[in-house]
Structures are given as structure tokens and as C-alpha cells.
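Data block below; observations after.
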Amino acid sequence: MRPRLQLLEQPLLDRILGEAFALLEQPGIRVTTPAAIQLLTAGGCRVKDGLAQIPEAVARRALASAPHEFFLYSRSGEPRVHYGGDHVHFDPGSSCLNVLDPDTLQPRPAQTADLIRLVQVAEMLPAYAAQSTAVVCGDAPKEIGDLYRLLVVLRHSDKPVVTGAFSAPGLAPMLELLALDSGGADQLRQRPRAVFDVCPSPPLNWSDFACQNLIDLARAGVPAEIVSVPMAGATAPVTLAGAVVQHAAECISGITLHQLAAPGAPVVWGGAPTIFDMRTGGAPMGAMETAMLNAACSQVGKALGLPTHGYLVASDSKLVDAQAGMESAASAVLGALAGINMISGAGMLELLATHSAEKLVLDAEAIGSARRLLQGIEARTESLAVAMFAEAGACGDFLRLKQTRELFRVEQYFPSEVIDRGEILPDGAPRPDAFQRARQRVDDLVSSYQPPTLPAERGREMEALVGRAMEPFGGGGIPKG
């Protein structure tokens, strides 16, 4: 039996969806993009004074046309990420401005070398089914920052990628870059390597560039991941149930626009909902209520038969310390039990402002443990214990049994040496702490990293595309690290 977490009883879930559909009609969704208004109007919505009122019947038709599942593929064309059902995958958090310097333990602006290091670490860890465009590179022109960091990831990884274009003009060159990597636009459509986060602006507002990205992604056949970010108590109702209603309304409105642009295009019911901390004025990603919001929002998406995403395994701590371990491990387990298809956020500190490669390797161990929990407890032998007792004898020497040798690796999750399960050292002997062990693990992973299987000519074409985009902004060239 696979263990599952469901926070919403059916009557409450039905009320949440009922109120979400009601919000779509009154007050409606703020939309000012001409292309979006045209699609919504032609689809049966009323748009006036920047408010789109979406009838429930129109929204339900869009939900019905959205695929229940799809895959993201590796560079070699192998399906690696299954969006749909209760399949659970993890990727590092995205779009941090800073990294935690392992020498000073202080955050500093991220550079290209930091992104490369994070990608190399994630590439070597099987806990991460996908990469992310993890940090904003401060040494690249900000005008083409999304394109630039996607290139860096593609040059150093064969895994699928969770990314995003945070301007309308920024999407086209990113799709062109992915098409080059895939061998053409048709190949990209058939075997998408990336999913693009697209964020509404809470409450109930779709910006011009977000609307255009939804339309363009749908028509390109590249998956869109709607990342609704209601903040309970600030940009959303203070109650968790009320925030889930808003999340549902924002997701349904985005899916409606997306499916009106191209029925059947792949789309994800995603998000990064949080609470608002009334003491600090922040959005605590490590809070239990934030994890509960993610689980509940995912449950609503699953009830509609849609692929899901959430933002967990992050911490509000400023260091890779006990708080970071507690918050990240707890939410990794809760997200896995909720069956969220893609869980983003590993490696992140300081309310998503800072990334850490050392935290990335520690989070991989929490993910490994969560995955073991999902396997549940199985009857792997015909007799559960009686036969083994008969063979082991009264002394109970189970170490010598054949079943022990055959089954211990499937029954137990074996962490790396980042997790200290060794014997106590003699008094006075130095013992590295978890951060020091994680730092050594990062160094080992980077040392053993092997470059991806990117054909040389294709790599030159991809670099040339980004190089041309950099020229108007005085870019310093493509990194060779």
C-alpha cells in the first residue's frame, strides 16, 4: 500500500472548486493583452474594462481538453519525467539571485560559475530527475538573462529542464535554443525537454507577458507550468482554504487561455503558495502551512485529472543548519506523500533568495528517504518472519541468511556519507559537521562530473544564437567553464 496525504475531504474540495468557478465569473480575471482578450472573447468569455469573466462551462471545456499526462525527455530522447498520476520527481529551486559562499557562509550575487557548479552537482545526483535554471547570473546581461542561463544548463546537462521566460520577447529565442538542442521544432514538440513556469500576478491577474507566454507555449507544443503564488493573508485570503480557492481560480483561468490557444497542449497545475508571516512580513517557504497549501492545491489539481507541481524542500534559514534540515526534509516528505508530480525548491535558503550546492546534496538525502517512504512496506517473502526464524535458530542470527543478502538493498535506503551513521570517534578526534560533509560531497561530485553528450556542431549553433542576442547589450561572451 502506497502511503498518501490528502488534506481536503470531498465536501471541502467541492466547495473550493465551486467558489473558484464563481470567482472566474465575478469579479473575473484581470487581462489586458489584446491576443488574450481576442481568444477569451471568441471562446465565449465576456471581457470589459480589463476584466475577463469566464463562464464555468468554458473553463470546464478547457480543463477537459488539457492532457492528463505527458513526459519530459532527456537529450537522448528518453522519457525521464512523468507528469501525471502520483509520479513524484524533484528538481532544484530556480531563479535565485544569490548563492551561499561556502567559505564565508554569506550570500553573494550568483555568477555563471555558480550556476555551472549547481548544474554539475544536480547532474550527478539521481534524486533530481530534472535540472532548473537555478540562479540569475550576475555576469550576464540582464536583458537576456533567461536565455543565457538556459544555455548554461543545456551545455552542462542531459537532463530535462524546468525553466521560465520572464518577459514576452524572451520566450521566442529560448524556444529556438531548445529546438536547436532537440534537432528541430517538431522534435521539440514531440519530445519536449523543458517545461516553462508561467506565473499569474496575485490576486486574479495575468500580466501581458504571462498571457503571451501561455499562448506561445501552447502553440509551440512546449509544456507550460502555471505557478500560482497566492500569499495567504497578504495577496490571498488569510485562511488556507481561501488561498486554495484563489490558487484554483488562477490556475483554471490560465489553463482556459492556454487551451483556447491550442487545445490539447500540455499544461501543469502548479504553484508556489505560501502564508504571509505577520511578524516578519515575509513569505516563509519552510512553514508547515506552506507545505499544507502545496499539498492541498495539488489535491485540487489531481481531482481535475491534471499534472501537478509544487514548491517545497526549501528553507527560510540563512545557513545550511538544523533549521534548514528540519524544514526541507519535512516538506520533501509531505510533497511526496501528496503525490505532487514535480517538486521544485531543493537547495534554496532565505525565502528563496539564496541557493546552496551544499544544501542541494543534503536535500538529495531527504528526497531519497521520502522516496523510500513512498514504496511502503511489502511482503517480499512467502513467510513474513516465521520461516526466517526457523532458519536462523533460537540465536536469531539473521545476518547469515540468504534472504538478508538478497533483500537488504531493496528494504533499506542507503544515504551517502553526507549522513553520518558511523561509530563514535575517540575523544578529541575532529568530526566534520553536516555542512562540512556536504561540502566535501559537492567537491567529489564536481570532480567526477562528465560533460554531456552535446554534439559539437549543435553546441556551436546554440552558442552563436545566444551570442547574437548578447551583442546589443555588451555581453562578455559565452562562458567556457
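The values are calculated or read from the model by the stated rules, or taken from the named source; none is laboratory data. Because the structure is a prediction, the values reported are computed rather than measured. Cβ placement follows ideal geometry from the backbone for every residue including glycine, while neighbour counts extend to all protein chains displayed. Accessible surface areas use protein heavy atoms only, side chains included; no ligands, DNA or RNA. Shrake-Rupley method; radii C 1.70, N 1.55, O 1.52, S 1.80 Å.
In nm, to one decimal, how far is the Ala387 label point from the Glu56 one, both placed 7 Å along Cα→Cβ?
5.6 nm
Quick one: if the Förster radius is 45 Å, what FRET efficiency do Glu143 and Gln6 give, using the C-beta to C-beta distance and rounding to 0.05?
Numbers: r = 44 Å, r/R0 = 0.99.
The value I calculate is 0.50.
So what's the net charge close to Ala329: Lys and Arg +1, Asp and Glu -1, counting the other residues with Cβ under 10 Å from its Cβ?
Neighbour charge sum, excluding Ala329 itself: -3.
Based on DSSP H runs of at least 4 residues, each adding -39500 (n - 2.57), what is the mean residue ellipticity at 222 nm of the chain after dividing by all its residues, to the nearest 500 deg cm²/dmol?
-14000 deg cm²/dmol, from helical runs alone.
Pop out the carbon and sulfur fraction of the accessible area of segment 1-71 as a percent, whole number, probe 1.4 Å. Please report the intermediate quantities before stating the final value.
Values: 2270 of 4190 Å².
It is 54 percent, rounded to a whole number.
Ordered by residue, what ³J(HN,Hα) values in Hz, to whole numbers, does segment 274-284 give under the Karplus form 6.51 cos²θ - 1.76 cosθ + 1.60, where θ = phi - 60° and Gly and Pro are x?
9, 8, 9, 7, 5, 8, 10, x, x, 10, x
Please give the net charge around Leu260, taking every other residue with its beta carbon less than 12 angstrom from that of Leu260, where Lys and Arg add +1 and Asp and Glu add -1. Mind dumping the intermediate values first?
Values: positive: Arg61, Arg219; negative: none.
After counting each charged neighbour, the total is +2.
Provide the per residue accessible area, probe 1.4 Å, for the chain, rounded to a whole number of square angstrom.
43 Å²
By per-residue mean of other Cβ atoms within 10 Å, what is the highest-first order of 247-254, 100-107?
Per-residue mean Cβ counts within 10 Å order the peptides as 247-254, 100-107.
Under 5 Å between amide hydrogens, which residues at least 5 positions from Gln131 or on another chain qualify, with H placed 1.01 Å from N in the peptide plane?
Those qualifying (amide H under 5 Å, at least 5 residues apart or on another chain) are Val161, Val162.
Leu399 versus Ala172, label points 7 Å from Cα toward the beta carbon: distance in nm?
Those two pseudo-labels are separated by 6.9 nm.
Using θ = phi - 60° and the Karplus form 6.51 cos²θ - 1.76 cosθ + 1.60, what ³J(HN,Hα) does each residue of segment 371-383 get, whole Hz, x for Gly and Pro?
5, 4, 4, 5, 5, x, 10, 10, 8, 8, 10, 4, 9
Using a basic spin-label model with each label point 7 Å from the Cα along Cα→Cβ, how many nm lie between Gln106 and Arg460?
With each label placed 7 Å out from Cα toward Cβ, I get 4.4 nm.
Roll a 1.4 angstrom probe over the protein heavy atoms and tell me the percent of accessible area of segment 90-148 that is carbon or sulfur. If you can, show how the numbers build up before the last one.
Working: 1140 of 2030 Å².
Solvent-exposed carbon and sulfur of segment 90-148 make up 56 percent of the total.
Applying 1/(1 + (r/R0)^6) with R0 = 35 Å to the Cβ-Cβ distance of Tyr413 and His68, what FRET efficiency is obtained, to the nearest 0.05?
Efficiency, from the Cβ-Cβ distance: 0.70.
Compute for segment 17-168: radius of gyration divided by Kirkwood radius, i.e. Rg/Rh, restricted to C-alpha atoms, rounded to two decimals.
A ratio of 1.09.
Starting at the first residue of segment 115-129, write each ³J(HN,Hα) from the Karplus equation 6.51 cos²θ - 1.76 cosθ + 1.60 with θ = phi - 60°, in whole Hz, x for Gly and Pro.
5, 4, 4, 5, 5, 4, 5, 5, 5, 8, 9, x, 4, 9, 6
Amide H of Arg193: which non-local residues (sequence gap of 5 or more, or other chain) have their own amide H closer than 5 Å, using H built in the peptide plane?
Tyr73
With just the Cα atoms defining each centre, how far is segment 221-243 from segment 1-65? Give it in Å.
If we compute the Cα centre of each part, the gap is 13 Å.
Using only C-alpha positions, report the orientation-averaged shadow area of the convex hull of the chain, nm², one decimal.
Averaged projected hull area, Cα only: 26.6 nm².
Sum up the charges of everything whose Cβ sits under 15 Å from the Cβ of Leu214, counting Lys and Arg as +1 and Asp and Glu as -1, but leave Leu214 out.
Once all neighbours under 15 Å are counted, the net charge is -3.
Could you pull out the GluC sites (Glu not before Pro) across segment 62-161 that fall in loop regions by DSSP (anything but H, G, I, E, B) with no more than 16 other Cβ atoms inside 10 Å?
Details: sites: Glu69, Glu123, Glu143; in loops: Glu69.
Of the GluC sites (Glu not before Pro), the ones in loops of segment 62-161 whose Cβ has at most 16 other Cβ atoms within 10 Å are Glu69.
Hand me the tally of lysine pairs in the chain: alpha carbons under 21 angstrom apart, and the pair either on different chains or 8 or more positions apart.
Numbers: Lys142/Lys480; Lys159/Lys359; Lys159/Lys480; Lys318/Lys359.
Count of close lysine pairs: 4.
Taking every eigenvalue of the Cα gyration tensor of segment 196-345, multiplying by 5 and rooting it, what semi-axes result, largest first, whole Å?
Values: eigenvalues 141, 53, 36 Å².
After diagonalising the Cα gyration tensor, the semi-axes are 27, 16, 13 Å.
Name the longest site-free stretch of the chain, where the excluded sites are trypsin sites (Lys or Arg not before Pro) in a DSSP loop with no more than 16 other beta-carbon atoms within 10 Å.
Longest site-free region, per DSSP loop and neighbour criteria: 5-278.
Using square roots of five times the C-alpha gyration tensor eigenvalues, list the equivalent-ellipsoid semi-axes of segment 313-368 in whole Å, biggest first.
On the way: eigenvalues 61, 22, 19 Å².
Its equivalent ellipsoid spans semi-axes of 17, 11, 10 Å.
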